[in-house]
Amino acid sequence: MLKVSGKETDVRTATVVGAYPPWLPKLDNDGWALRSESCQTPNYGVRRVALVRGEGTRVWDADGKEYLDFLAGISVNNLGHCHPRITEVIRRQASALVHCTNLYTIPMQIELGRLLLDHGFADRVFFGNSGAEANEAAIKIARRWNRENRGPDRHEIICFEGSFHGRTMATLTATGQPKVKTNFEPLLEGFVHVPYNDLEAARASVGERTGAILVEPVLGEGGVRPATREFLAGLRELCDERDLLLIFDEIQCGLGRIGHLFAYQHYGVEPDIMTLGKSLGGGLPMGAMLCRERVAMAFSPGSHGSTMGGNPLASAAGHAYVSELIQGNWPARARETGEYLVARFKEAVGTSANIKEIRCVGLMIGIELYARAPEVLVACEEAGLLINVTDGQTLRLLPPLNVSREGVDLAVQILGEAIHAHPAEEAT
Ligand code: PLP
């Protein structure tokens, strides 16, 4: 039996902008949790909050409660919710053409592709619907390029411990976190894992069968851990020496998140293949694999594809989003906001012994605690701040790149209070 909202009055009196969308059944958070439990596969666990509306950095749940969103859909809503420019383009495109197939030329897809290529190293782009699909495309093109140019045995890809590349069979095999692989065996053949930021280990693992190296410039799910410049530059050298393809997974750290349009620009190290996802579609599902010309030619008609990848609606939204990122200079502004946030945070929590390390690149921020991160998360949520916890004890903050200083001040205040209220016994 579903629990129908006992708080419908609250819902009806929510502020205008946070009003409950009239087309949704009127359930509260608990009601939606029960409804979810009754029909959805249990892979996401029980969720306490059902979000029904968003505007800028703010979102509202089904109980009418307002939050400051410092997770941005895990770096998807990078210009905040319902950005007027993106919303307008979605409206316009939805009334012209939502979907056709890649059997036909899709002008908006070409426009978005051109924009990405004109601002980075790549010559060619393939569009899919998610980050995992972008990485699948990267893995497939790397295998095919090696097979066609270097022989049938060079199919092995060196990956890194702590990495996350997706949930499809190839991308979970590439992922360097055992927990995502449990009971999905047998995994794919041809992926090896070495410690992150350990150039010597990477070098030692190159063999006759190695064809590519796949790396996140900043580990996202792995706890917001940036690569060192020396590590990525060393991988580039290694790939050049041994004729391997270097693949950067920028699905979480790309598109402005770490202070440059593309994460490789922060490091000054160019890959041969780069994958994008998350915010790429301006909130609509989209992923992309970008590569150099010599790599792209390993794909031929019929060798790869996607029914929905880069459809007119997602491409139009993505084009509006990337255009706004570039024209608004949001990556550089995000870098300044990140510095401001960390400075304010250090002032606010200077005395907490529960903080182990603060890691920040641009507006990708990880605050590693000694203990009790899940409790801090709940306290933040109760006080109206959405963040998440990754890699055990790391609080992850991925606010919209255009978050205001006032928004940052409020988030820091809530976060500081939540951390102070949860000292780590072993750290005090
Ligand atoms: N790669 C990285 C670095 C990610 O952070 C993610 C998702 O969190 C993925 C790949 C997979 O993306 P998606 O969930 O869109 O398939």
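Among all the aspartates and glutamates, which ones have a C-alpha under 14 Å from Lys181's C-alpha, if same-chain residues fewer than 8 places away are not counted? Correct list for Lys181: Glu161, Glu189.
Please state the charge dipole magnitude for the chain, taken about the Cα centre, from unit charges on C-beta atoms (+1 on K and R, -1 on D and E), reported in debye and rounded to the nearest 20. Dipole size: approximately 920 debye. Site pair Glu375 and His99 shows an inter-label distance of 4.7 nm when each label is modelled 7 Å from Cα along Cα→Cβ.
In nm, to one decimal, how far is the Arg242 label point from the Leu117 one, both placed 7 Å along Cα→Cβ? According to this spin-label approximation, the distance is 3.1 nm.
Computed over the chain, relative contact order equals 19 percent, with contacts defined as Cα pairs under 8 Å that lie 6+ residues apart. Applying the criteria of a DSSP loop state and at most 16 other Cβ atoms within 10 Å to the trypsin sites (Lys or Arg not before Pro) of region 180-264 yields Lys181, Arg209. Structure remark: mean-square fluctuation, Gaussian network model of the chain, C-alpha springs under 10 Å; the largest value among Ala263, Ala202, Ala288 belongs to Ala202. Between the helical axis of 373-383 and the longest alpha-carbon principal axis of the chain there is an angle of about 50 degrees. Hey, what D do you get for region 87-327 in µm²/s if you plug the Kirkwood alpha-carbon radius into Stokes-Einstein at 25 °C and 0.890 mPa s? Once the numbers are plugged in, D ends up at 136 µm²/s. Give the calculated FRET efficiency between Asp409 and Arg47 to the nearest 0.05, with a Förster radius of 30 Å applied to their Cβ-Cβ distance. Computed FRET efficiency for Asp409 and Arg47: 0.60. If you bin all the Cα-Cα distances of region 212-309 at 10 Å, starting from zero, the percentages per bin are 15, 45, 31, 9.
Modelled spin labels at Asp153 and Glu425, positioned 7 Å past Cα toward Cβ, are 5.6 nm from each other. Loop-located GluC sites (Glu not before Pro) in region 169-254 (DSSP state not H, G, I, E or B) with no more than 12 neighbouring Cβ atoms inside 10 Å: Glu189, Glu208. Among Gln40, Gln265, Gln252, the largest mean-square fluctuation in a Gaussian network model of the chain (Cα springs under 10 Å) belongs to Gln40. Dipole check for region 87-327: with +1 at the C-beta of Lys and Arg, -1 at the C-beta of Asp and Glu, and the Cα centre as origin, the magnitude is about 500 Debye. Our summary of shape: the Cα atoms of the chain have principal axis extents of 67, 59, 45 Å, ordered from largest down, in whole angstrom.
Taking Asp69, Asp272, Asp249 as the candidate residues, the one with maximal mean-square fluctuation in a Gaussian network model of the chain, Cα springs under 10 Å, is Asp272. For the Cα trace of region 336-387, dividing Rg by the Kirkwood Rh returns an Rg/Rh value of 0.96. Think of the chain as having a plus end and a minus end, set by charges on the Cβ of Lys, Arg, Asp and Glu; of Leu116, Phe191, Leu385, Leu116 sits farthest toward the positive end of this dipole. Applying 1/(1 + (r/R0)^6) with R0 = 25 Å to the Cβ-Cβ distance of Thr351 and Thr228 gives a FRET efficiency near 0.25.
Pairwise alpha-carbon distances in region 45-159 exceed 22 Å for 59% of all pairs. When a/c is below 1.5 the answer is rounded, else prolate if a/b is larger than b/c, else oblate, so apply that to region 117-235 with a ≥ b ≥ c taken from the square roots of the Cα gyration tensor eigenvalues. Rounded.
Any read-out appearing in this document is the output of simple, stated calculations on the displayed coordinates, not a laboratory observation. Just so you know, these numbers come straight off a predicted model, no measurement behind them. Glycine also receives a Cβ, built like all others from the backbone with ideal geometry; neighbour counts cover every protein chain displayed.
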